[in-house]
1. Percent relative contact order of the chain, based on C-alpha pairs within less than 8 angstrom and at least six residues apart?
2. Count neighbours as other Cβ atoms within 10 Å of each site's Cβ, and list the trypsin sites (Lys or Arg not before Pro) in the stretch 97-187 that are DSSP loop with at most 14 such neighbours.
3. How charged is the neighbourhood of LEU75? Take every other residue with its Cβ under 11 Å from the Cβ of LEU75, and add Lys/Arg as +1 and Asp/Glu as -1.
4. If one computes the Cα centroid of the stretch 271-294 and of the stretch 52-121, what distance in Å separates the two points?
5. So what is the diffusion coefficient of the chain in µm² per second by Stokes-Einstein at 20 °C and 1.002 mPa s, using a Kirkwood Rh over Cα pairs?
6. Grab the beta carbon distance between ALA238 and TRP291, set R0 = 25 Å, and tell me the FRET efficiency rounded to 0.05.
7. Starting from the Cα of ASN263, step 7 Å along the direction of its Cβ; do the same at LYS214; then give the gap between the two resulting points in nm.
8. State the extension gain, in nm to one decimal, for the chain segment bounded by ARG225 and LEU167, taking 0.36 nm per residue of separation less the distance between their alpha-carbons.
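Values in this text are rule-based calculations from the coordinates and carry no lab data. Here the structure is a predicted model, which means the values were calculated and not measured. Counting neighbours? That spans all protein chains shown, and the Cβs are built from the backbone with ideal geometry, glycine included.
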Amino acid sequence: MITQPLLSSFRRYCRFAIPALCIAALNTPVFAQQGADGDASPSVASKVPGIEIAKLSALPKAPASASSRRDCQTLTRLKSEGGKIADAQGWGVTGETRLGSYDVVSFAGKFEAGTSGSCDIDAGNVALFRGRQLVALVYAASHSKQTISNIVTSPVNGGIRILDGDLVPMPVADLRLAGGNAIEVDPLPAEDPICDGRGAAPNVYGQSVRQARKTLIAQGWTPVRSTASDPLAKELRASGIVEVSDCAGTGFAFCSYYYRKGNIELNLTSFGDGDAPTVSDYGAICDRSRWHHR
C-alpha cells in the first residue's frame with residue numbers, strides 16, 4: 001500500500017500522468033524513502049511549466065504502446081540497476097547517467113520511427129534510483145504539449161539536461177541537486193559556459209537562425225563568411241546569412257553556421273528549409289587549430 005507521507009504527492013502526479021502508469025502503480029507497494037545513509041527522502045520541485053516531478057518508489061509496467069520501442073534505437077546494454085528495472089517492466093530505455101548518488105534513467109512508452117533515423121518519442125519519463133530503489137520520477141504533465149525523450153550531461157553545475165521527444169530533440173530543462181537534500185527541475189539558463197568557462201553561448205535553441213544570429217552578433221560574435229555551394233546554403237547566403245556552411249540536401253536539411261569571438265569558434269546547427277531554419281544545437285571549438293576552414 002502507499003504510505004501516508006507519499007500519498008498527497010502521488011495523487012497530484014496521477015492527475016497528469018499516463019493513466020496506465022498510475023493504475024499499475026496504485027496496485028504496487030510503495031514505501032517511504034530512506035537514503036543510503038539513512039537520511040530522509042529528498043524534497044522535489046519543478047520550476048518548468050509542463051514538466052512535473054514526484055517522489056515514487058515503485059516503477060509500474062509500461063503501457064502496451066511501449067512495444068513500439070522496437071521501431072527506434074533504445075539502449076540494450078544497460079549498466080544501472082534502475083535501467084534494468086525499467087527495461088524489465090517493458091519501457092524503452094533511452095539514456096543512463098549519474099547525478100550525485102543517484103542513477104538517472106530516461107525511458108518512454110511510445111515510439112514512432114521517422115526519416116533519417118529519427119524517432120518521435122512520447123510517454124517519456126526520467127527516473128532517479130539509488131541502486132534498485134526508485135526515488136523520484138520526472139514526467140510531462142498530460143495537460144501540456146511537452147514531451148521527454150532522453151538525457152545528456154548539462155554544462156551547468158554538473159546537472160543533467162532533459163531533451164524533448166520531437167524528431168529533432170532539443171533541451172527543455174535541467175535536472176540538478178540543490179541544497180543538502182533536494183532534486184530540482186529548472187528552466188534552461190540564458191547562456192551555457194563553454195571552453196572550460198572561457199566563454200558563454202546564449203540559449204538560442206528553437207529560435208530561427210535569423211533570431212539567433214542577431215543575438216550572437218549583439219553579444220560580440222562575428223559571423224564567418226562561407227563559400228559552400230549547395231543549393232540551400234546559396235539561398236540562405238543570398239538572403240544575408242553569410243555564415244551558413246554545409247547543408248544536407250535530404251532529410252531534415254541540417255545546416256551549419258560558424259561564429260567567432262576571441263579564441264572561440266561557435267558552430268550552430270539548424271534544421272528545416274525555407275527562409276528561417278530552426279536552431280537545434282551548437283558546439284564550441286576551443287582550439288584555433290581546429291577551427292572551420294571556409
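1. Details: 657 pairs, mean separation 35.6, N = 294.
Normalised by residue count, the contact order of the chain is 12 percent.
2. Values: sites: ARG98, LYS110, ARG130, ARG132, LYS145, ARG161, ARG176; in loops: ARG132, LYS145.
Of the trypsin sites (Lys or Arg not before Pro), the ones in loops of the stretch 97-187 whose Cβ has at most 14 other Cβ atoms within 10 Å are ARG132, LYS145.
3. Numbers: positive: ARG69, ARG77, LYS79, LYS84; negative: ASP87, GLU96.
Around LEU75, the charge tally is +2.
4. The stretch 271-294 and the stretch 52-121 have Cα centres spaced 30 Å from each other.
5. Details: Rh = 20.6 Å.
Value of D from the Cα-based Kirkwood radius: 104 µm²/s.
6. On the way: r = 25 Å, r/R0 = 0.99.
According to the calculation, E is roughly 0.50.
7. Between ASN263 and LYS214, the label points sit 3.4 nm apart.
8. On the way: separation 58, 0.36 × 58 = 20.88 nm, distance 2.97 nm.
Once the chain is fully extended between ARG225 and LEU167, it gains 17.9 nm.
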